[in-house]
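Step one of this worksheet: look at the structure below.
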Amino acid sequence: MDLENEPTTVDKAGVSKPVILIGVLVAAIAAIAIGWVLLNQDDDEPTVAGQIEELDIAAPLFGGAGPSTLLHAIVSPVRDGDNSLTLNVTDTSPGAETATIPVEAMTATIEPLRGDGGPKDIVLQANEDGSYQSEVPLVLSNGWWELTVEVSRAGEEPRDTRFYLLTPDPNVNGFGSVPDFDADAEAEAFFLAGIDQWAAMHRLIYIERLSGGTGSVAVSQRVVTDGADGNPAGFRLTSAEYEMITIGEQTWMRQAGSGWIERTTITMYPPSDWPDLYAGATDFVLGKTVDVNGRDTQIVSFHVPATDTLVAAWYTWWVDRETGYVVREAMIATLHYMVYEFGEFDQPVVLEPPITEATPGASPGPSSAASPAPA
C-alpha cells in the first residue's frame, strides 16, 4: 500500500492520517485514535460487500467504570428494514478477560434525527452471558439515528451513552449503498453558518470519540489555538493512553506512565482550516431542533464525496441556531465512527510545555480547565 498517495482523513486537532508515532504508542486503541489508514472508496461504484460484516461501535463507561470498561452496540445489517441489536459491556484493561461483564440493567431508545418521530423504547432481553438484545427486530429506514443506552451498575448512578447510526451503513453495506438525498436550502444555510464560524475561530476545546466499528474506541480531549491572541500557536491532546503537546515548532508526547519524548513537530490545523475538510459538501438534509447542553440546535446532515486526498464521509451537525456554532458532530467514513463535542469557543487558552529535563520550570497543560461534556 502506498501511504504517500493513499486518501486519508485529517484529524481536526492537527494530526494528518496516516501518522506513525515513533513506536511508543503501540497499543491498538492508540493506533486507532492517531492514524488508521483509510482505504479509498468510489462513491459511484455499486459496492455490495463492505469493510465489516456487522457494526460494533463502542464507547467508554465513564466514572467508576474507568476508561477500559466499554459499552458496545452491535447492529446488523444496518440498513432499511429489520435489524438486530446486541448490547454488552467489556473490560479491555491489560491482562483482563474481554468477556462480557454483567450489569444490573440496560434500557435503550432509538430516534430518527429528522422527521416528527420521537424516541422509541427498545424492548431488551437479558442473555446468560450478561449481554442484552432486542426482543423484536429494530426497524430502521434510510437516514441518521440516535441510539441512547442507559446502563445501571452496582453502586453507581445509571449512565446514558449516545451512539449515532447511518442507514445504510457504508462500512457494512458498501459505500455505494448510501442513497443521495435532495438538498434542502435551509439545511445548507445552517451548514454555511457553521462553516463561517469555523473560518473565524481561533481557539477551541473539545472532546473526540473515535470507534473503528469493530469494538474499539479511543476518547481524547483536544485544545487548539492558532496564536492570534499573541500566545504561541499549538494544540494539546490528552487521553487515558497518551498525551501530545505542540507549541510553535516543538512537539512532546508520552504514553501513560512514561516520560515525555520530544519529536518532530506535528502540523497543527486550527479551526479556521477546518472548512477545507467539508469542501464539495452536498445532500443537505434538515433534521430536528434539539437542546444540546442548554443550546437550541438545528440538526443538519450532509455528505462530502471522496477526492484524490480525502475519502468520502457522511456528517451530522448540531448547529446553535443563535450563534452558528457547531456544538456536536457525528461523522462516518472508512472504519471511522467519530463523535465530537465542542465547547469553550474562542475562550482564552495558554498552552505550556510539559515538565522535562529540558524544561524544568514548566507546568503542563492549558490555562483553561473547562471542557465540554464527554460524548
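Computed from the coordinates by the stated procedures, all read-outs in this text should not be read as laboratory data. Only a predicted model underlies this, so the values are computations on that prediction, with no experimental measurement involved. Counting neighbours? That spans all protein chains shown, and the Cβs are built from the backbone with ideal geometry, glycine included.
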Given a Förster distance of 41 Å, the FRET efficiency implied by the Cβ-Cβ spacing of Gln125 and Val350, rounded to the nearest 0.05, works out to 0.20
Taking region 276-339, which trypsin sites (Lys or Arg not before Pro) meet the DSSP loop condition and have no more than 14 other C-beta atoms within 10 Å? Arg321
Can you tell which of Val290, Thr264, Trp314 lies farthest toward the positive end of the dipole of region 183-331, using +1 and -1 charges on the Cβ of basic and acidic side chains (Lys, Arg; Asp, Glu)? Thr264
Using only the Cα atoms of region 52-173, each taken as one equal point scatterer with no solvent, compute I(q) by the Debye sum, divide by I(0), and report log10 of the ratio at q = 0.09, 0.10 Å⁻¹. -0.24, -0.30
What residues from region 115-135 fall in the zone where the backbone N is under 13 Å from a label point 7 Å along the Cα-to-C-beta line of Thr148? 118-122
